[in-house]
1. Quick check, is Ser70 in a strand (DSSP E or B) and either surrounded by 15 or more Cβ atoms within 10 Å (Cβ to Cβ) or not charged (D, E, K, R) (or both)?
2. For the structure I just gave you, tell me whether Glu46 is under 30 Å from Ala14 (Cβ atoms) and acidic (Asp, Glu).
3. Out of segment 19-32, which residues are more than 11 Å from Gly112 (Cα to Cα) and open to solvent by less than 20 Å² (accessible area, probe 1.4 Å)?
4. Which number in (1) under 28 Å from Ser120 (Cα atoms); (2) among the polar types (S, T, N, Q); (3) exposed (fewer than 14 other Cβ atoms within 10 Å of the Cβ) marks the one condition that Asn58 misses?
5. Return a yes/no flag: does segment 76-85 have any residue that is loosely packed, with under 13 Cβ neighbours inside 10 Å and not hydroxyl-bearing (Ser, Thr, Tyr).
6. Among residues belonging to segment 26-66 that are part of a strand (DSSP E or B) and more than 15 Å from the chain's Cα centre (by Cα), point out the one that is farthest from Gln3 (Cα to Cα).
7. Mind checking which pairs have a first residue in segment 1-15 that is under 14 Å from Gln116 (Cα atoms) and a second that is at pLDDT 95 or above and among the aromatic types (Phe, Trp, Tyr), Cβ under 8 Å, 6 or more apart or different chains?
Amino acid sequence: QVQLVESGGGLVQAGGSLRLSCAASGSIFSINVMGWYRQAPGKQRELVARITKPGTTNYADSVKGRFVISRDNTKNTVFLQMNSLKPEDTAVYYCNALLTYSARDVERSYWGQGTQVTVSS
C-alpha cells in the first residue's frame, strides 16, 4: 500500500509565499513522475507542475515564473514553492505520483488527500 501525505497549505495574502510538501511511503520501487494538481470550486482539476525522476519539469502557463517544483528522490518527496501568490491560485492542491512496485510492474497513479491553499486579496 502506498500513501501520499501533503503538508504546507494555508491562508496567505496576495503576493505572499507558501511551500507545499508531499511525502510518499509504502512498497515503492520507483517513482517516475511526481506532480501537483489543483482544483478550485466549480472547476476541473488541473495540472500545476510535474517533475520526472531525472528532474525534467513542466508548469502550467498560469504559474510559470512564480512556482518552482522540486523533489528529493532519496526521501520520495516532492515540493512546490509558490511565490507571488494571487487570489486565483486559491484551490485544493493535490499531490500525484506515478510509480511502480517492482521493475516489471505497470505504472500506477496515486493521489494525496489534498491541502487547501487560500490567497486573500
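The values are calculated or read from the model by the stated rules, or taken from the named source; none is laboratory data. From a predicted model like this one, the values you see are computed outputs, not experimental measurements. Positions of Cβ are generated from backbone atoms using ideal geometry, with glycine treated the same way; all protein chains shown enter the neighbour counts. Please note that ligands, DNA and RNA were not included when accessible areas were found on the heavy atoms of the full protein model with its side chains. Shrake-Rupley method; radii C 1.70, N 1.55, O 1.52, S 1.80 Å.
1. Working: in a strand (DSSP E or B): yes; either surrounded by 15 or more Cβ atoms within 10 Å (Cβ to Cβ) or not charged (D, E, K, R) (or both): yes.
For Ser70, the condition - in a strand (DSSP E or B) and either surrounded by 15 or more Cβ atoms within 10 Å (Cβ to Cβ) or not charged (D, E, K, R) (or both) - is met.
2. Details: under 30 Å from Ala14 (Cβ atoms): yes; acidic (Asp, Glu): yes.
Answer is yes for this residue.
3. Residues satisfying the conditions are Leu20, Ser30, Ile31.
4. (3)
5. First, the residues of segment 76-85 that are loosely packed, with under 13 Cβ neighbours inside 10 Å: none.
Within segment 76-85 (the criterion being loosely packed, with under 13 Cβ neighbours inside 10 Å and not hydroxyl-bearing (Ser, Thr, Tyr)), the answer is no, since none of the residues qualifies.
6. Restricting attention to segment 26-66, the residues satisfying the condition of being part of a strand (DSSP E or B) are 26, 30-39, 46-52, 57-59.
If we keep only those that are more than 15 Å from the chain's Cα centre (by Cα) as well, we get 26, 30.
Numbers: Gly26: 6, Ser30: 14 Å.
Taking the candidates together, the pick is Ser30.
7. Hits for this filter: Glu6/Tyr93; Glu6/Tyr94; Gly9/Tyr93.
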